[in-house]
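Report on the following structure.
The values are calculated or read from the model by the stated rules, or taken from the named source; none is laboratory data. Being a predicted model, the structure only gives us computed values, none of them experimental. With ideal geometry, Cβ positions are generated from the backbone for all residues, glycine too; neighbour counts draw on all protein chains shown. In case anyone asks, the SASA skips ligands and DNA or RNA and just uses the protein heavy atoms, side chains included. Shrake-Rupley method; radii C 1.70, N 1.55, O 1.52, S 1.80 Å.
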Amino acid sequence: PMSISKQVKLNIGGGNFRTTVATLSAYPDSVFTAMFRRVDELEKDEDGSIFIDRDPTHFRILLNWLREYSLGKQYTPTGLSPKEHQELLNEAEYYMLKPLVISLQNSKPPNSTIESSHFE
């Protein structure tokens, strides 16, 4: 496994992010935690960034949620349109961030129909 304090560069669908293994592993059952257990199998691009083929649009929100979660705080992102809320929920499900999935499912924005395929 990779050192918990090690900085990592992520290329999320062309968007570049920098964080630590500790932040990404804050929620132990996430895709990230599993990913860093098999660090030798990670796909990296030319500059050493770990490449994940996902839309980067909401990744900053997910990363901030993980940062807060690592400090023992949980919050639900607000101010999202129904479309953004659904997209963020889809990404949270993909990355297996169950506490965020649940809080998003419980805080549907007005006039939305949230469809979830996971964690029911």
Looking at segment 54-66, is at least one residue in contact with a Ser or Thr (Cβ under 8 Å, 6 or more places away or on another chain) and either assigned to a loop (DSSP other than H, G, I, E, B) or surrounded by 11 or more Cβ atoms within 10 Å (Cβ to Cβ) (or both)?
yes
Here the qualifying pairs (Cβ atoms under 8 Å; residues six or more apart or on different chains; first in segment 44-59 and closer than 14 Å to Tyr95 by Cα; second among the basic types (Lys, Arg) and assigned to a loop (DSSP other than H, G, I, E, B)) come out as none
Mind checking which pairs have a first residue in segment 18-43 that is free of Cβ contacts under 8 Å to residues at least 24 places away in the same chain and in a loop (DSSP other than H, G, I, E, B) and a second that is open to solvent by less than 30 Å² (accessible area, probe 1.4 Å) and among the β-branched types (Val, Ile, Thr), Cβ under 6 Å, 6 or more apart or different chains?
Ser25/Thr33; Leu42/Ile50
Filter result for the condition that a residue is open to solvent by 60 Å² or more (accessible area, probe 1.4 Å) and within 13 Å of the chain's Cα centre (by Cα), over Asp29, Asp47:
Asp29
How many residues are of a type in the set (Ser, Thr, Tyr) and more than 20 Å from Gly15 (Cα to Cα) if we restrict to segment 33-50?
1
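Across segment 44-53, what is the number of residues that are in a strand (DSSP E or B) and modelled with pLDDT of 90 or more? Steps first, please.
First, the residues of segment 44-53 that are in a strand (DSSP E or B): 44, 50-52.
Remaining after also requiring modelled with pLDDT of 90 or more: 50-52.
Qualifying residue count for the region: 3.
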Does Lys83 satisfy being assigned to a helix (DSSP H, G or I) and more than 13 Å from the chain's Cα centre (by Cα)?
yes
Pairs where the first residue, in segment 78-96, is over 21 Å from Ala34 (Cα atoms) and the second is assigned to a helix (DSSP H, G or I), C-beta under 7 Å, 6+ apart
Leu80/Leu88; His85/Leu104
